Amino acid sequence: MQASVKQDRQHFVGGSDIGAIMGLSPFIKRYDLLLIKAGIKESDFDGNQYTEYGNIMEDKIRAYINQELKTEFVEDKLINGDERCHVDGYDGEKILEIKTTSQIHDTVDGYKLYLVQLLFYMMNYKLKIS
């Protein structure tokens, strides 16, 4: 994960925050996220074995997808005024969102969490569903 991603999380709403805002995140409540974003409370999450695994695997998965699809997805960051998002891959046309591990994605609520994150990215990049 890019160092700037972690720094920006404190100041902007990111795709991972969307699940909390929508009341879908099993990891953080909406009110706690508000306190963190307002600088009233420090985030006590420094990662775990799942986020570390994701950090290791994302580059490998992106490289595999690029090879198989013969494209050039790169980890990307867009800041346009107040809009901000980091994506696991962007090839100038499509967004790649990599999910490596989590039991929550095996449920309808887990799927909703993933979907709102992906739609947030698409909105920020002004992309349409194709």
Exercise for review: Among the numbered conditions (1) in a loop (DSSP other than H, G, I, E, B); (2) of a type outside the set (Val, Ile, Thr); (3) open to solvent by 50 Å² or more (accessible area, probe 1.4 Å), tell me where LEU24 comes up short.
Suggested key: (3)
Exercise for review: Scan segment 48-55 and give yes if some residue there is among the polar types (S, T, N, Q), assigned to a helix (DSSP H, G or I), modelled with pLDDT under 90 and in contact with a Lys or Arg (Cβ under 9 Å, 6 or more places away or on another chain), otherwise no.
Suggested key: no
Point to revise | When residues of segment 40-65 are limited to those that are of a type in the set (Gly, Ala, Ser) and in contact (Cβ under 8 Å) with a residue 12 or more places away in the chain, the one nearest to ALA20 (Cα to Cα) | key: SER43
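The values are calculated or read from the model by the stated rules, or taken from the named source; none is laboratory data. Because the structure is predicted, anything quoted here is derived from the model rather than measured. Every residue, glycine as well, gets a Cβ built from its backbone with ideal geometry; the counts of neighbours run over all protein chains shown. Protein only, heavy atoms only, side chains kept; ligands, DNA and RNA dropped before computing areas. Shrake-Rupley method; radii C 1.70, N 1.55, O 1.52, S 1.80 Å.
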